[in-house]
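To start, the structure itself, in structure tokens.
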Amino acid sequence: MKKVLTIAGSDSSGGAGIQADIKTMTIHGVYAMSVITALTAQNTTGVMGIHEIPTDFTAKQIDMIFSDIRPDSVKTGMIPNAETAEVVAERLKYWKAENIVVDPVYVATSGSSLSTKEAYEMIKNMLLPIATLVTPNIPEAELITGIKISCAEDMEQTAKFIYEKYGCAVLVKGGHSLNTADDFLYTKNKSKIWFEGIKINNPNTHGTGCTLSSAIASNLAKGYTLEKSVRLAKEYITSCLSAMLDIGHGNGPLNHMKGTE
């Protein structure tokens, strides 16, 4: 069985973060492992509190996993501060981790901040250069590059900018701000690939970024190419959203188990 590690924050409501990652990895038939960077007190209406895990303990979690059950791929999500970002990047580099998918989480779907600008700088300068793929939504891509995105051409320009500066493949997700669910992939061999998506009228999108990046990491662990890993992950997200799960009083989660019944 292939093994996948998620390095992210815990979502007490189960829709995003570590919980969403493990659900996604499990449904993809891989063995899920986790390093928790922060505990959050949150539900579908927002984040009420964040308890950051000490960086030395984050490092110990990573070391214990790699020294015993080496992951075939790694996904990173919520990294709450610069010190944690530095430690995560340093330990992954030390262990020569493969198939690293970086979900550059900055704010929750509810709009609550999950990271700092200092952490983002560390993620850009230390984590992206060792990543296989980074998966920003439009606001995150704008934050990384300083480029305003208002159309498909801007998405392409932004992806190329990130690749040329940091050296990793880039998947810019279009569903966040544009009237489309199309995503753009710029790979290390400079391939430019558009993935058309169906815009689903579902307000419950809590955890979509976590879920997509975990699905991609799972597919990479199973030996699929980057393009196929993204394509399969996007199909999975569409299926999860199409289930129209409606839980909670705010922006609810996806149905990660869609297709198992």
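Tabulated data for the structure shown
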| item | result |
| --- | --- |
| Listed residues 125, 81, 137, most fluctuating in the chain (Gaussian network, C-alpha, under 10 Å) | 125 |
| Within a Gaussian network of the chain (alpha carbon springs, distance under 10 Å), most fluctuating of 244, 48, 78 | 48 |
| Cβ charges +1 (Lys, Arg) and -1 (Asp, Glu), total dipole of the stretch 194-236, debye | 40 debye |
| Average silhouette area of the stretch 3-242, convex hull of alpha-carbon atoms, in square nanometres | 11.2 nm² |
| Choice from 171, 92, 212 showing the highest fluctuation, given a GNM over the chain with Cα pairs closer than 10 Å | 92 |
| Cleavage-rule hits, trypsin sites (Lys or Arg not before Pro), the stretch 177-213, DSSP coil, Cβ neighbours within 10 Å at most 16 | 188, 190, 199 |
| Semi-axes of the equivalent ellipsoid for the stretch 27-96, Cα gyration tensor, largest first, Å | 23, 17, 10 |
| Cβ-placed point charges (K, R +1; D, E -1), dipole of the chain about Cα centre in debye, nearest 20 | 620 debye |
| Residues whose placed amide H lies under 5 Å from that of residue 37, excluding near-sequence neighbours | 8, 9, 10 |
| Taking the stretch 1-120 and dividing mean pair separation by its residue count, relative contact order in percent (alpha carbons under 8 Å, at least six apart) | 26 percent |
| Mean separation of Cα contacts under 8 Å (6+ apart) over length of the stretch 3-242, as relative contact order % | 18 percent |
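Just so you know, all these numbers are worked out from the coordinates, no wet-lab data involved. Bear in mind the structure is a predicted one, so any value in this text is a computation, not a measurement. Methodologically, a virtual Cβ is constructed for each residue, glycine included, from the backbone with ideal geometry; neighbour enumeration extends over all protein chains shown.
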